[in-house]
1. Protein chains only, probe 1.4 Å: how do Lys269, Lys144 rank by accessible area, largest first?
2. Accessible area of Leu178, 1.4 Å probe, to the nearest 10 Å²?
3. Based on alpha-carbon centroids, what's the gap between the stretch 41-95 and the stretch 162-236 in Å, whole number please?
4. Within 10 Å of each candidate Cβ there may be at most 15 other Cβ atoms; applying that plus a DSSP loop requirement, which GluC sites (Glu not before Pro) in the stretch 199-273 survive?
5. Extending each Cα 7 Å along its Cβ direction at Arg19 and Glu126, get the distance between those two points in nm, one decimal.
6. Could you look at the chain and say what percent of its accessible area is carbon and sulfur, using a 1.4 Å probe and all protein chains?
7. Provide the FRET efficiency to the nearest 0.05 for the His79-Glu245 pair, computing r from the beta carbons and using R0 = 25 Å.
8. Quick one: if the Förster radius is 30 Å, what FRET efficiency do Phe160 and Cys234 give, using the C-beta to C-beta distance and rounding to 0.05?
Amino acid sequence: MSSEQRLNKAIEIANAAGRMVLEAREADNLEHHFKDGQELVTTTDVAVDTLIREQLEMCFPGEQRLSEELAPDRDAVEHGGALWVVDPIDGTVNFAHGLRHVAVSIAYVEDGVTQLGVVHAPFLNETFTALRGVGAWRNGQPIKASNGTNLEHSLVATGFPYRRDSRPPLMRRLHAVLSHCRDIRRNGAAALDLCDVACGRLDAYYETVSPWDFAAGWLIAREAGAATGHLYPCPDGIPEDLYGENLLVCSRGIFDELGDLLRDADAGKFNDH
């Protein structure tokens, strides 16, 4: 099956998953629990993951999956071959609280290189897609990342981990970035932050997330012309396209400056002015 055919199937599956998300919100009977005592999970997360698993197995029998709820074994990123990387609901806390920044994220990876990505936002009526080496689209129309070159005028997005004891070091980064950019956004859905960089609504995004949070959006941003990278080198054996630590995705014109600023913040040194 060609990459284009795979993408079309992934779009169909993401749309079906999105309809399930909409129906669950309309039914207003969400049940939830906390994974590891920290991370909110609803019954809809599991139901949507199950739907996607069944659809992928029907269309692509035997191909490996890495998904947040039903197949979360991260060792899968170190193996070659075909791999589907799925977040059934990116922005679960938003979903549970009735907010609109919610997405279904599906990426297809071959031998550690992401080949296609779909991020479908059912409440926003937007579907972002990309094919490696071909381009990126929003609702079928080509998109391009910001060409900004001035960090001072840039709108930057980030996020924070559920573990409260992991947040204090990130406050140094936040302070540094707020001192040098136009403003910060924290929308609560990494996949959509990446897509907003891809279509120029945001100039930059940085965060540490899981592979299923960023795999599809990372490709979409890159194919739209954004610079995609990491603040620090990736470990041996883990593909860059699936390594979610210290991501930096932004306009090419501010990539080096913002990266230096964040690393200086980590080291406890930056200029407020």
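The values are calculated or read from the model by the stated rules, or taken from the named source; none is laboratory data. These figures come from a predicted structure and were not determined experimentally. Because the Cβ atoms are built from the backbone with ideal geometry, glycine has one as well, and the counts that use them run over all protein chains shown. With ligands, DNA and RNA removed, areas are computed over all heavy atoms of the protein, side chains included. Shrake-Rupley method; radii C 1.70, N 1.55, O 1.52, S 1.80 Å.
1. Highest to lowest solvent-accessible surface, that is Lys144, Lys269.
2. 90 Å²
3. About 22 Å separates the Cα centre of the stretch 41-95 from the one of the stretch 162-236.
4. Glu245
5. The two pseudo-label positions are separated by 2.3 nm.
6. 46 percent
7. That pair, His79 with Glu245, gives E of 0.85.
8. Once rounded, the FRET efficiency stands at 0.85.
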